[in-house]
Each structure stands twice: as structure tokens, then as C-alpha cells.
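First the structure, in the form of C-alpha cells, and then the observations on it.
The values are calculated or read from the model by the stated rules, or taken from the named source; none is laboratory data. Keep in mind the model is a prediction, meaning the values are calculated, not measured. For neighbour counting, all protein chains shown are included, and Cβ atoms are generated from backbone atoms with ideal geometry for every residue, glycine included. Just the protein is used for accessible areas: all its heavy atoms, side chains included, with ligands, DNA and RNA removed. Shrake-Rupley method; radii C 1.70, N 1.55, O 1.52, S 1.80 Å.
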Amino acid sequence: MENSFLPAVLAESNPQPGSIDALLDSMVPKQLCAKGAVSMALLDILGKRLNVPAATLIGGAVRESLPVLWPLSNGTVEEDIEVIEGRLAQGFTSFMLKMGTSPIADEIRRVFALEARYGNRIKLIPDANQGWSREQAREFLAGIAKSNVMFVEQPLAKDDIAGMAMLAGETALALSADESVIGLAEAGRLASLNAARVFSIKSSKNGGPLRAQRIAAVAEAFDINCYMNSQIEFGISQAASFQHAVTVVNLVDMGHAFMSTLRLSEDPTNFSSFVRDGVVHLPSDPGLGIKVDETHVRRLSTASFRIGERR
């Protein structure tokens, strides 16, 4: 990025997020995380220049807050309960059950054990992380057919869209595509094949808020809901994703993944302060709305350079 993307951006007299997205796509295919970082920075700069939140630049906020989800690891019911109890006390009511490594029968029992204990006090999302074969996914979906899970995320390998479409036609449960949703082409194929009723959107994975916005628009056109997901990431990308999230009309009615910084000890931003009682709130500051501790960033960095510095 230092030797290709940044010189191209700095060569523009008035770099706009949309035009720069198009420019970078013309230069290099893929590399969406790097392109997303540029897009996030430009949205922050433009928002601060105009004194408006990035959400205004993306289309305008339709909400001021969102409930936040908490993930549960590939563990036992007892381990799940320990985490859920602690997080319930903090206001979290949506939980993602990581799966894909344990026997299917055990995972089915896990879902029903948690539903029996908590009823409608919590919302559950099993996430297989591409970990199952078609046969295993079929077994799981049949086994939890009478459950109240919100959806089942990415049961098959990301490129098995035909398999996702097959499963979707066999179950009344909603399937979510996560790793399968990379860009517009994949989103369009998933939608046209009715392979998912939920798109799991990650602003960092999808190349920044503007590209993520286009994926959400495809979802809306096909009556597909969106779940705002994340990787383990710092507050800058969490803030950019949230600025997009508040503009999306077709969100699933549950918690979304804005807990990443709460799981880190070294985040250099104040994004965690926006999460209170299991809810993330839109900041009033312009741009991405966050503050960054530059000294902290320098301490965490493994390499650095100055823009325009001769070597």
C-alpha cells in the first residue's frame, strides 16, 4: 500500500472516497482490506472537513444505536452458560455459538440446552465457520428445525454456493452467508440462487463502508437482511463499520458484532466507550467519530513511514 495506493491517492488534488475506490480497483484486483483502510481514512477526513458524521456521507443514519452481540467459543454448554451469565448482567442478549469442530449431535444438544435454560431471554446464532460438509449441515439443520435460532451462519465452504442454495431449499431456518460474501459478484450470485436470507457484512473484509453499502443494497433488493459482523479488529474499522450500519434499513433484529475492542487490551481508540449496557451508540463527533491515541499507535506499530519522506 505504501508504494502503490498511497502515491495514487496523494497524486489526486481532491481525493474523494468514491472516486478513489474506483481508482484503486482499476490499479489492483482484490486487496480489499487495504482498499478499505484507504476508504475509511478518506471518509473520516471528508466528514471532519464538512463537520458531519461519516454516516451522513454514506446515506444518512436511520438509527442512533444497535444492540451488540457476544461470541461464544467452540465449548461446552457449561462454558457457554458461564459466559452468558456474565454478559447478560452487562446487557448483552445476543450470542453467536461458534461451531464446526464438535460432533453434530453434541452441537444440536448444545442449542436446545441453552434454549431450555434461557428461553426468549437471549437470541442465538450458530456459526459453523465453513466447518461442515453438506451432509453434516443437513443433519444439524434437521436436528434444530424446531429451535428458535435467528439464523445459521456459513455452514459450508465459502465457494459452495450451490450447496448453500440446496440447504436453503430444504430448511425453514434462515441461512447466513459470511465468508461467501466477498463483493458484489458473490452477493448477486447468492441472492439470485436464494442461497441465503442473511448477508454477514464485514466492512474490513468487504473493502470499506462504500463497498459494504453496495452489498447491503443488493441484499435489500432481494429482501435479504444484513448482519453487521467483524473480525478481531481495532476501533477504527469498528467505527467505520458502525457508521455504515446505522444507515442500513434491512438489519436483522438482534445484536451486531461491535464488541471487538472489548475483547482487546491494546485498542488505541475510544470506541469501547460507545458500548454501554450491551448497546453501541452513535457518537456525535464528525467523520468516524472516534479519538485515536497516536502515542499508543506508535507503540503498537511494527513499521512506520512519513508521507512524502525521501529515502
Flagged in the stretch 222-239 as hydroxyl-bearing (Ser, Thr, Tyr) and not in a loop (DSSP other than H, G, I, E, B), in numbering order, are Tyr227, Ser237
Which numbered condition Leu124 fails, given (1) among the aliphatic types (A, V, I, L, M); (2) surrounded by fewer than 21 Cβ atoms within 10 Å (Cβ to Cβ); (3) under 18 Å from the mean Cα position of the chain (by Cα): (2)
If only one of Ser241, Ser260 is under 16 Å from Leu69 (Cβ atoms), open to solvent by less than 60 Å² (accessible area, probe 1.4 Å) and in contact with a strand residue (DSSP E or B) (Cβ under 9 Å, 6 or more places away or on another chain), which one is it? Ser241
Tell me whether the stretch 177-196 contains one or more residues that are open to solvent by 10 Å² or more (accessible area, probe 1.4 Å), modelled with pLDDT under 95 and part of a loop (DSSP other than H, G, I, E, B). yes
Single unsatisfied condition, Ile108 versus (1) open to solvent by 10 Å² or more (accessible area, probe 1.4 Å); (2) within 26 Å of His281 (Cα to Cα); (3) among the aliphatic types (A, V, I, L, M); (4) in contact with a Gly (Cβ under 6 Å, 6 or more places away or on another chain): (2)
Residues that are under 23 Å from the mean Cα position of the chain (by Cα), among the charged types (D, E, K, R), surrounded by 22 or more Cβ atoms within 10 Å (Cβ to Cβ) and modelled with pLDDT of 95 or more: does the stretch 94-101 have at least one? no
Residues (touching a Ser or Thr at 6+ places or on another chain (Cβ under 7 Å), open to solvent by 20 Å² or more (accessible area, probe 1.4 Å) and of a type in the set (A, V, I, L, M, F, W, C)) located in the stretch 263-280: Val279
Any chance you could count how many residues in the stretch 129-149 are out of contact with any Asp or Glu (no Cβ under 9 Å at 6 or more places or on another chain) and open to solvent by 20 Å² or more (accessible area, probe 1.4 Å)? 7
Quick test for you: out of Gly59, Gly75, Gly91, pick the one residue that is open to solvent by less than 40 Å² (accessible area, probe 1.4 Å) and either at pLDDT below 95 or among the basic types (Lys, Arg) (or both). Gly75
Restricting to the stretch 249-294, and then to whatever is assigned to a loop (DSSP other than H, G, I, E, B) and of a type in the set (Ser, Thr, Tyr), can you tell me which residue is farthest from Arg87 (Cα to Cα)? Ser284
Residues of the stretch 216-238 being free of Cβ contacts under 8 Å to residues at least 60 places away in the same chain and hydrophobic (A, V, I, L, M, F, W, C), in sequence order, are Ala216, Ala217, Val218, Ala219, Ala221, Phe222, Ile224, Cys226, Ile232, Phe234
Can you name the residue in the stretch 1-30 that is in contact (Cβ under 8 Å) with a residue 12 or more places away in the chain and not hydrophobic (A, V, I, L, M, F, W, C) and, of all such residues, is surrounded by the fewest Cβ atoms within 10 Å (Cβ to Cβ)? Glu2
Is at least one residue of the stretch 296-309 in contact with a helix residue (DSSP H, G or I) (Cβ under 9 Å, 6 or more places away or on another chain), surrounded by 19 or more Cβ atoms within 10 Å (Cβ to Cβ) and touching a residue at least 40 places away in the same chain (Cβ under 8 Å)? no
Tell me which residues, restricted to the stretch 150-170, are of a type outside the set (Gly, Ala, Ser) and surrounded by fewer than 18 Cβ atoms within 10 Å (Cβ to Cβ). Lys158, Asp159, Met166, Glu170
Quick check, is Leu46 touching a residue at least 60 places away in the same chain (Cβ under 8 Å), more than 21 Å from Gln213 (Cα to Cα) and either open to solvent by 60 Å² or more (accessible area, probe 1.4 Å) or not in a loop (DSSP other than H, G, I, E, B) (or both)? no
Test: residue in the stretch 142-151 that is in a helix (DSSP H, G or I) and over 30 Å from Phe274 (Cα atoms): yes
